[in-house]
Amino acid sequence: MSGTKTIIDAQNGKTFEVPEEMLQSGSLIIIDSRNGKKYSVPVTNGTIRAMDFRQMKISDDDFGLMTYDPAFLNTASCRSAITFIDGDKGLLRYRGYPIEQLAEKSSFLEVAYLLIYGSLPTKTEFEEWSHNIVHHTMLHENTKKLMEGFNRDAHPMGMFISSVGALSSLYPDAKNIFDKDLRQLQIYRLLGKMPTIAAYCYRHRQGLPYVYPDNTLSYTGNFLSMMFKMTELKYKLNPVLEHALDVLFILHADHEQNCSANVMRSVGSSQADPFVSLAAASAALYGPLHGGANEQVLHMLNDIGSKENVAAYVKRVKEGEVRLMGFGHRVYKNYDPRAKYIKEIADKVFEVTGRSRLIDIALELERIALQEEYFITRKLYPNVDFYSGIIYQAMGFPTDAFTVLFAIARTAGWLAQWQELILDQEQKISRPRQMYVGEGKRDYIEVKKRE
Ligand code: ACO
């Protein structure tokens, strides 16, 4: 027979007696002070299951305890083997590979394969993969006609989200999400067609004819051609810019359970097809606190105007008047490794395009901010969006197209997250609980009798 062990309440120093066997399993011991009951809850991978709280009741008709976690500050919604982030150390890995190595040595399409299938492709696998994506870059002419209906000054993200969603109407087979081959086909279609939709959004805004894909070019080369080709027969690519865009796409390809990945999973969990799920994820990305931040950074830097005005702007941030866009992150509490790498790309791009005057304002902003108590205590560092927009602008992309570029790259991550969700036996329709704080029952009063 085992005895009891005395344990100390870490919060108030009070002691409790707990049966010894409860302490042996490496679990969490919970004492419900409402009724004195003790529970042993298993800890796995540093996580306890929220459903283990449901057994903690104070009466038979009590629903049981729930956890309350607005904005998922401390809740894991899935098991994932795709992307690893250590926010304190500033580490990012896709399927175990450090982001720096992938940015240095890999290509966006290879990284997309890695994210979606879990390992780097062999030469043959990669050739087949690239071939299939390249051969799904054409858009149905109806999509083009749909896009022609947008206002000339429509925001590119509004056009992008609607056009991606509309693909669902062209590919009804996408509803068969449990069919491996059909899932594969939609993955090719989505990765293939995103750059074409993005380029059409731009051409539409400019009043320029749409440029059809050129399958002899690389993924980013073809995208640049569809964006910027004019009357020449073949678009003349600058290899530095083509490569820089490819690296930027790698850096943006996935970021575990961020706001838009969570939307992709949440919509996908209702077994909606991947086109509408991805349209919803793009909508989440559009917000200024997420992927829309790159556009906001440019507006902010333009508003600041010169290096001399930076200190005054930082003062406004500290007084809570404005946020420093492109700074701060829910997970990174150290330098965002992507932002570090993007600074290096900027130098290479500027050698081709000429130096952007905004980079000096951004560098000064970072220098001053990182010395300030406000940013140090809150662990606010530049994130991926702080420098990316400056590079995109130097390459000739209009400011409001930046988030569309982000969406092309993140399509790889969204698809990886979606496929993992579909294959995860433990997942069900995503449906959070709430803490109801509204009125109790009350009777309806007819309008003429209301005061
Ligand atoms: N500028 C000024 N203060 C900030 C900033 C910022 N950019 N970010 C956070 N803070 C402050 C908050 O005011 C808060 O201060 P307080 O404790 O005195 O109230 C504290 O830091 C914590 O901020 P939260 O908003 O609680 O942090 P959260 O994790 O919810 O937000 C977010 C993360 C949304 C990224 C936030 O840092 C932000 O708004 N940044 C600017 C927008 C941006 O760059 N977004 C892109 C993120 S990367 C991506 O999605 C691709």
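In region 78-98 there is no residue that is assigned to a helix (DSSP H, G or I) and open to solvent by 80 Å² or more (accessible area, probe 1.4 Å). Of the candidates 267, 263, 276, the single residue that is free of Cβ contacts under 8 Å to residues at least 40 places away in the same chain, of a type in the set (A, V, I, L, M, F, W, C), assigned to a helix (DSSP H, G or I) and more than 13 Å from the ligand (Cβ to nearest atom) is 267. Within region 301-333, the set of residues being on the phi < 0 side of the Ramachandran plot, open to solvent by less than 30 Å² (accessible area, probe 1.4 Å) and within 10 Å of the ligand (Cβ to nearest atom) comprises 314, 317, 324, 327, 332.
Looking across region 39-76 at every residue that is open to solvent by 80 Å² or more (accessible area, probe 1.4 Å) and among the charged types (D, E, K, R), the one that is farthest from the ligand (Cβ to nearest atom) is identified as 60. The set of residues from region 396-427 being assigned to a loop (DSSP other than H, G, I, E, B) and under 14 Å from residue 264 (Cα atoms) comprises just one member, 427. State yes or no: is residue 99 over 23 Å from residue 14 (Cα atoms) and touching a residue at least 60 places away in the same chain (Cβ under 8 Å)? Judged against the criteria, residue 99 is a match. Entry remark, region 38-59: residues being at pLDDT below 95 and part of a loop (DSSP other than H, G, I, E, B) number 3 in total.
For (1) over 30 Å from residue 272 (Cα atoms); (2) without any contact (Cβ under 8 Å) to a residue 60 or more places away in the chain; (3) in contact with a Ser or Thr (Cβ under 6 Å, 6 or more places away or on another chain), each residue gets a yes or a no:
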residue	(1), (2), (3)
378	yes, yes, no
388	yes, no, no
433	no, no, no
439	yes, yes, no
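Considering every residue within region 61-80, establish whether at least one is within 30 Å of residue 420 (Cβ to Cβ) and among the charged types (D, E, K, R). Within region 61-80, one or more residues are within 30 Å of residue 420 (Cβ to Cβ) and among the charged types (D, E, K, R). For region 218-227, the count of residues that are at pLDDT 95 or above, open to solvent by 30 Å² or more (accessible area, probe 1.4 Å) and either of a type in the set (A, V, I, L, M) or closer than 24 Å to residue 103 by Cα (or both) is at least one. Based on this model, can you work out whether residue 282 counts as within 15 Å of the chain's Cα centre (by Cα), crowded, with 20+ Cβ neighbours inside 10 Å and more than 16 Å from the ligand (Cβ to nearest atom)? Answer is no for this residue.
Scan region 334-353 and tell me whether some residue there is within 16 Å of the ligand (Cβ to nearest atom), of a type in the set (Gly, Ala, Ser) and within 30 Å of residue 75 (Cβ to Cβ). The answer is yes; a qualifying residue exists. Number of residues in region 370-390 that are of a type in the set (Val, Ile, Thr), more than 23 Å from residue 153 (Cα to Cα), more than 10 Å from the ligand (Cβ to nearest atom) and open to solvent by less than 40 Å² (accessible area, probe 1.4 Å): the value is 0.
The values are calculated or read from the model by the stated rules, or taken from the named source; none is laboratory data. Computed from a prediction, not measured in an experiment: that's the story for all the values here. Every residue, glycine as well, gets a Cβ built from its backbone with ideal geometry; the counts of neighbours run over all protein chains shown. Note: accessible area is taken over every heavy atom of the protein model, side chains too, but ligands, DNA and RNA are not part of it. Shrake-Rupley method; radii C 1.70, N 1.55, O 1.52, S 1.80 Å.
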